[in-house]
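The values are calculated or read from the model by the stated rules, or taken from the named source; none is laboratory data. Quantities reported herein were computed from a predicted structural model and do not represent experimental measurements. Virtual Cβ from ideal backbone geometry, glycine too; neighbours counted across all protein chains shown. Heavy atoms of the whole protein, side chains included, go into the accessibility calculation; ligands, DNA and RNA do not. Shrake-Rupley method; radii C 1.70, N 1.55, O 1.52, S 1.80 Å.
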Amino acid sequence: MSELSKLLKGETNEVKSSQSLVIESELNKLLLLDREVREDRVGMHGSGIIASDSDFCYRQQVLSFYFKGFEPDISDGLRRIILNGWYVHEKWQKLFEAAGIAIGVEQRGESKDMKLLFTPDAIIKLKNKKWVVEIKSVNTFQFQKMQSHPSGAKQLQLYMHMTCIPQGFVLCEDKNNQNIKVFPYKYDPVVAKPFVERMLKVQEFMKRFEKTGKLPSRMCDSENCKKAKSCSYREACFGIK
């Protein structure tokens, strides 16, 4: 019997299944290649400053200036989702550049006074105005119901504050059908104020740490709790290494 006949009858499914698992394993290893070229991130970053009160940790922010962070373990599936989101960002950024409306794409900004690094997805000129742009890919269920993008809106407010650009928008794309929604925002100092206060407080904790060696209190009860396991500075925080 030919291999084609066996395939049509399903007699090679077991072999094919084992080969598929081996190939899938090798392909998933490709997701780790970006680690080799990824830069070490030191200090406060805009994406961390806007975290919710339950997630924001002053101890983590201070540690980020003095210790190297380690990427927590995440599943291959989540890595693929993240990588797909990067490609959505890249698509729109390239379109902005091709249209000649891009002022900056993934352009690193730094506030030495605030000790903050921040990287808006794009800054563009549209209808004779500068806009800060945050790009988000979302699943269809979320896309159909969404009337705003809360985390994207917070990022915009922080970035508009840091760049002194008074308007921006969150561009959301449905992962399944590539439909888009745009949520424009104007700079609101009331919304940005808590983020600025956080940055100032981190600086106070840094000065105390340099003088006394004392860090802010831990949020986590144990190095094995869920929050600690997802923290890049878990080892430094708990003295594991």
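Can you pull out the residues in the range 104-122 that are over 17 Å from Gln167 (Cβ atoms) and modelled with pLDDT of 85 or more?
Val105
Failed condition for Val42, given (1) assigned to a loop (DSSP other than H, G, I, E, B); (2) modelled with pLDDT of 70 or more; (3) closer than 21 Å to Phe118 by Cβ, with all others met?
Unmet condition: (2).
Considering only the range 220-227, I want to know if a residue exists there that is in contact with a strand residue (DSSP E or B) (Cβ under 9 Å, 6 or more places away or on another chain) and of a type in the set (A, V, I, L, M, F, W, C).
Going through the range 220-227, the residues in contact with a strand residue (DSSP E or B) (Cβ under 9 Å, 6 or more places away or on another chain) turn out to be none.
Looking through the range 220-227, none of the residues is in contact with a strand residue (DSSP E or B) (Cβ under 9 Å, 6 or more places away or on another chain) and of a type in the set (A, V, I, L, M, F, W, C).
Kindly evaluate Tyr58 against the criterion of being within 18 Å of Lys193 (Cβ to Cβ), open to solvent by 30 Å² or more (accessible area, probe 1.4 Å) and in contact (Cβ under 8 Å) with a residue 24 or more places away in the chain.
Here the answer is yes, as Tyr58 does meet what is asked.
Any idea which residue in the range 189-241 is most open to solvent (accessible area, probe 1.4 Å), counting only those that are closer than 30 Å to Gln167 by Cβ and in contact with a Lys or Arg (Cβ under 8 Å, 6 or more places away or on another chain)? Give the derivation first.
Looking only at the range 189-241, we keep the residues that are closer than 30 Å to Gln167 by Cβ, and these are 189-203.
Retained after the next criterion (residues that are in contact with a Lys or Arg (Cβ under 8 Å, 6 or more places away or on another chain)): 191, 195, 199, 202-203.
On the way: Val191: 56, Phe195: 15, Met199: 0, Val202: 0, Gln203: 28 Å².
Selected residue: Val191.
If Lys125 passes every condition in (1) at pLDDT below 95; (2) more than 22 Å from Phe65 (Cα to Cα); (3) surrounded by fewer than 18 Cβ atoms within 10 Å (Cβ to Cβ); (4) out of contact with any Ser or Thr (no Cβ under 9 Å at 6 or more places or on another chain) but one, which one does it miss?
Failing condition for Lys125: (1).
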